[in-house]
Amino acid sequence: MKPGTKLKSAVCDTEVMVIRGTDGVVECGGAPMVEEKTTEGGSVDAAFSSGTQMGKRYVDEAGTVELLCVKPGQGSLSLGGLALTIKEAKSLPSSD
Amino acid sequence: MNISLILQMAADTGPERTGLVCDGRRWTYGDLMHAARGAAAHMADNGCSYVALLDESSEAAPIALFGAALAGIPYVPLNYRLANEDLAGLLARIAPACIIGDTERAARLAPEGGHVYLTREGFVAAAEAAASDASDEESEGEGIAAQIFTSGTTAAPKAALLRHSNLLGYILGTVEFCSAGEEDAQLVCVPPYHIAGISALMSSIYAMRRIVMLPAFDPDDWLRLATEEKVTNAFLVPTMLSRIVDRLDSGARADLSALKAIAYGGGRMPLELIQRALELFPDTNFTNAYGLTETSSTIALLGPDDHRMAQTSDDPAVRARLASVGRPLPTVELEIRDEEGRSLPAGERGEIYVRGEQVSGEYRERSALDPDGWFPTRDAGWLDDEGYLFLAGRADDVIVRGGENISPGEIEDVLMSHPAIADAAAVGIPSEEWGEAVGIAVVIKPDEATPDEEELRALIRERLRSSRVPEQIRLLPELPYNEMGKLLRREIRAAFQG
């Protein structure tokens, strides 16, 4: 996945932009995310239903993937079945 | 990647929230996104290769910036203060462009090249008219979001390229989305052709902090607008802060009780000025930002706690930090290197190198990055033991006398210690014997007697050494600075010729 690629959840409203990519499969709500949403189908897996938050960055433990949530939804993100977590960034004073 | 994402996310999250206040008109994030989409459609239709802004700050700046991004065309804000001849040169380098703003001047200076000219009002109206039929798609083009001509304090302007990935890397790495409250407002008064003018728009919109735009800086207008709009954040260059402090010290009335934070940068901040400002605004957070056009704005900052600690500390090393530009951003790598490119330890002066996603280092003509992606800034500086960065002028300003490198700053600091001298600059002047020798230009304080040349030479010989003693001395009524407070050394060098 190239940085800048937009991915959509197949089972909820979530959309993310890839900041750092990986060859692994990114899922949302338990289902693989897609570039083009074709059919409505499936539902959010209860194990991946804590939701996504607008503007948050999500990473895996190894730091191989980083996704920016550009549209929130009910599903939560995972990579190969392992949940992604919100990247806690050090808050900086505004310098502009 | 496309920087239009910044505005799109704000518009999705708060379509009805006010994003911009300019000349009495209020624009919601939804209005701005709508207009940017229309601008993109309009630009795509007229077949231009660049979108140029030749105007003071207004709503046209963000609409053109994000409209150009959506259309995949580089945005080129131009310095309207340039002399006709210089501006004509730049217009020729961006043909054919859609030129927004001073159409009369642009058409006169660049009648050829296939440019399309639009006034500010004409552009905004065309964007709004084209919006309803505009596409939702965005175009990447060649991936360049902005092309900014550097101010050229040492040489002719270079066309610095900032890619979408550089600018987004900077914003995503430094700003938390929607982190501002509904009451937060940022007073933007830097000119739109400066990198700080572009980063101010992007940072404020991504934080969803309302932009209060001041089209052209004036200290009384600034105080009035800050009061009326209950401004919470502002960015100033040192000369602007100095003029605001002067107005307040001479009794100007303003209610700045909402002002939580002032960031400053763009030129050297005099120590007395920042100390006075810290006294005058005891509850305001001050941040010093250091960055370059080629690095998408800030790469190092001295934060509010550092300022207050330096202000009150008894430790000379901590107090000295008020003159530093702070520590590098966590998302940026920074090194000081010698002329052979070797990394230098703390305390040693060399050239500042940076690397990171936000660092472009790319010009239209060539990339300045080394094979490992490091950008040589041509700024000289050093780090202290705690990693605080101190600037020591431009590497290009170093005077090379008979193989010895002389920093203008050390001579200038000594000259400024003379009670009669208001301002001073040291530059390299051609010398048959040494290749280059020291020339100094000094400005004498109004009510002081002019010291004789021998006195100044003796002062430098005593405090520094004989190689620093100026061969030539010029008295000037004032030193040439650009509007961002940068000393124009090439003009001073020119004063020694002929």
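The values are calculated or read from the model by the stated rules, or taken from the named source; none is laboratory data. Note that the structure is predicted; figures quoted are calculated from it, not measured. Positions of Cβ are generated from backbone atoms using ideal geometry, with glycine treated the same way; all protein chains shown enter the neighbour counts. The protein model used for the area step is the full one, side chains on, heavy atoms only, and it has no ligands, DNA or RNA in it. Shrake-Rupley method; radii C 1.70, N 1.55, O 1.52, S 1.80 Å.
What to note about this one:
- Taking the helices alone, chain B has a mean residue ellipticity at 222 nm of -9500 deg cm²/dmol, built from -39,500 (n - 2.57) per DSSP H run of at least 4 residues and averaged over all its residues.
- Reachable lysines, given that their alpha-carbon falls under 18 Å from the alpha-carbon of A:Lys2 and they are not under 8 places away in the same chain: none
- Among A:Lys71, A:Lys37, A:Lys56, the largest mean-square fluctuation in a Gaussian network model of chain A, built with springs joining Cα atoms closer than 10 Å, belongs to A:Lys37.
- Label point 7 Å beyond Cα of B:Thr450 along Cβ direction - residues of the stretch B:388-426 with amide nitrogen under 15 Å: B:420-423
- Over the Cα atoms of the stretch B:384-427, the radius of gyration divided by the Kirkwood radius equals 1.06; this is the Rg/Rh ratio.
- Cross-link reach list, aspartates and glutamates versus A:Lys87, counting only Cα pairs under 16 Å and skipping chain neighbours closer than eight places: A:Asp60, A:Glu61, A:Glu66, B:Glu176
- Protein heavy-atom accessible surface, 1.4 Å probe, per residue over the protein assembly as shown: 42 Å².
- Helix B:4-13 and the longest principal axis of the Cα set of chain B meet at an angle near 60°.
- Overall form of the stretch B:398-495 per C-alpha gyration tensor (a/c, 1.5; a/b vs b/c): oblate
- Candidates B:Ser132, B:Asn166, B:His42 compared by Cα position along the dipole of the stretch B:4-306: farthest toward the positive end lies B:Asn166, with charges placed on Cβ.
- Distance from the alpha carbon centroid of the stretch A:12-90 to that of the stretch B:255-313 works out to 38 angstrom.
- Note on the stretch A:6-86: Lys pairs 8 or more places apart or on different chains, Cα atoms under 14 Å apart, count 5.
- FRET efficiency for the B:Ala95 to A:Thr5 pair, using the beta carbon distance and R₀ = 30 Å, is estimated at 0.30.
- With the convex hull of the Cα atoms taken as the outline of the protein assembly as shown, the averaged projected area works out to 29.6 nm².
- Cα centroid separation, the stretch B:2-53 to the stretch B:389-465 (Å): 49
- In a reduced charge model with +1 at each Lys and Arg Cβ and -1 at each Asp and Glu Cβ, the stretch B:307-396 shows a dipole moment near 360 debye about its Cα centre.
- With all protein chains modelled, accessible area of A:Thr38 [1.4 Å, Å²]: 130
- Computed from Cα atoms, the angle from the helix B:195-207 axis to the main principal axis of chain B rounds to 50 degrees.
- The fraction of accessible area contributed by carbon and sulfur in chain B is 47 percent, rounded to a whole number (1.4 Å probe; ligands and nucleic acids excluded).
- The peptide list B:8-17, B:444-453, B:96-105, put in order of mean Cβ contacts within 10 Å with the highest first, becomes B:96-105, B:8-17, B:444-453.
- Listed as lacking a disulfide-compatible partner in the protein assembly as shown: A:Cys12, A:Cys28, A:Cys69, B:Cys22, B:Cys178, B:Cys189, by the criterion of no other cysteine Cβ under 4.7 Å.
- Net charge of Cβ neighbours under 9 Å - reference B:Glu362; Lys, Arg +1; Asp, Glu -1: +2
- With K and R counted +1 and D and E -1, the other residues having a Cβ less than 12 Å from that of B:Ala159 yield a net charge of +1.
- All lysines inside 25 Å of B:Lys158 as judged from Cα atoms, apart from same-chain residues fewer than 8 positions distant: B:Lys486
- Using a 1.4 Å probe over protein heavy atoms, the accessible area lost on pairing B with A, summed over both chains, comes to approximately 1900 Å².
- From most to least packed by mean Cβ count within 10 Å, the peptides B:485-495, B:244-254 give B:485-495, B:244-254.
- Cα-based shape type of the stretch B:294-371, given that a ≥ b ≥ c are square roots of the gyration tensor eigenvalues and the cut on a/c is 1.5: oblate
- Legend: residues in the stretch A:74-95 shielded by at least 50 square angstrom of accessible surface upon adding the remaining protein chains to the isolated chain (1.4 Å probe, heavy atoms) are A:Leu92, A:Pro93, A:Ser94, A:Ser95.
- For the stretch B:155-196, residues shielded by at least 10 square angstrom of accessible area compared with the chain on its own, probe 1.4 Å: B:Tyr170, B:Leu172, B:Gly173, B:Thr174, B:Glu176, B:Phe177, B:Gln186
- Whether the stretch A:6-86 is rounded, prolate or oblate, judged on the alpha carbon gyration tensor where a/c under 1.5 counts as rounded: rounded
- Sulfur and carbon atoms: percent of accessible area, chain A [1.4 Å]: 49
- Between the Cα long axis of helix B:84-93 and the first principal axis of chain B there is an angle of about 60°, rounded to the nearest 10.
- Relative packing of B:336-349, B:194-207, which averages over residues the other C-beta atoms within 10 Å, highest first: B:194-207, B:336-349
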